[in-house]
Amino acid sequence: MNKLYVINGPNLNMLGIREPDKYGSESYSSLVKALQTHAEENNYSIVIYQSNHEGDLVDKIQEAYFEKADGIVINPGAYTHTSIALLDALTATKIPAVEVHISNVARREDFRQVSFVRLAAKKTIMGHGLRGYFEAIDFLLGGASDDNRD
């Protein structure tokens, strides 16, 4: 059985509350339930984690390594644009990772155009709403190794 980690950064626990025009009205808890259901229906193990603290996210990436995860779906939130620590953790573990953003950050503020995490990701999915998480999972489970960017 494949084991995947879904790691969410700051403010993602506020889905449905925070700027629904950008992130939608679905709650974080409903996303978690949908991910768990997808894992059960598709016969893979999933660890879902959210933190507003950078070091906790690094710890979870390292845990994924020691727990022999097959892949990481990561939505680093605002740490996308600032965190060398997340980049270093992903690079060190060499676990295939897909970067996910609910909104299309390419069409947003200038400061959101920088992604350190992207340097370690096999794929980036942005602007597909919560569906992007499932696209990332399907990509990882499919064993694809291309470097497509959405």
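The values are calculated or read from the model by the stated rules, or taken from the named source; none is laboratory data. These numbers were taken from a predicted model, which means no experiment stands behind them. In this analysis, Cβ positions are derived from the backbone assuming ideal geometry, glycine residues included, and neighbour counts consider all displayed protein chains. These area figures cover heavy atoms from the full protein model, side chains too; ligands, DNA and RNA do not enter into them. Shrake-Rupley method; radii C 1.70, N 1.55, O 1.52, S 1.80 Å.
Summary of values
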| quantity | calculated |
| --- | --- |
| Any hit, segment 70-87, residues being touching a strand residue (DSSP E or B) at 6+ places or on another chain (Cβ under 8 Å), of a type in the set (D, E, K, R) and not in a helix (DSSP H, G or I) | yes |
| Failed item in (1) in contact with a Leu (Cβ under 6 Å, 6 or more places away or on another chain); (2) within 23 Å of Lys3 (Cα to Cα), with Lys122 passing the rest | (1) |
| Residues of segment 14-30 satisfying the condition of being without any contact (Cβ under 8 Å) to a residue 12 or more places away in the chain, among the small types (Gly, Ala, Ser) and either in contact with a helix residue (DSSP H, G or I) (Cβ under 8 Å, 6 or more places away or on another chain) or farther than 12 Å from Gly129 by Cβ (or both) | Ser29 |
| Filter result (over 16 Å from Asn2 (Cα atoms) and open to solvent by less than 20 Å² (accessible area, probe 1.4 Å)) within segment 60-95 | Ile61, Ile74, Asn75, Pro76, Gly77, Thr80, Ser83, Leu86, Ala89, Leu90, Thr93 |
| Positions within segment 31-48 being open to solvent by 60 Å² or more (accessible area, probe 1.4 Å) and touching a residue at least 40 places away in the same chain (Cβ under 8 Å), in sequence order | Asn42, Asn43 |
| Tally, over segment 96-106, of residues that are surrounded by 23 or more Cβ atoms within 10 Å (Cβ to Cβ) and in contact (Cβ under 8 Å) with a residue 60 or more places away in the chain | 1 |
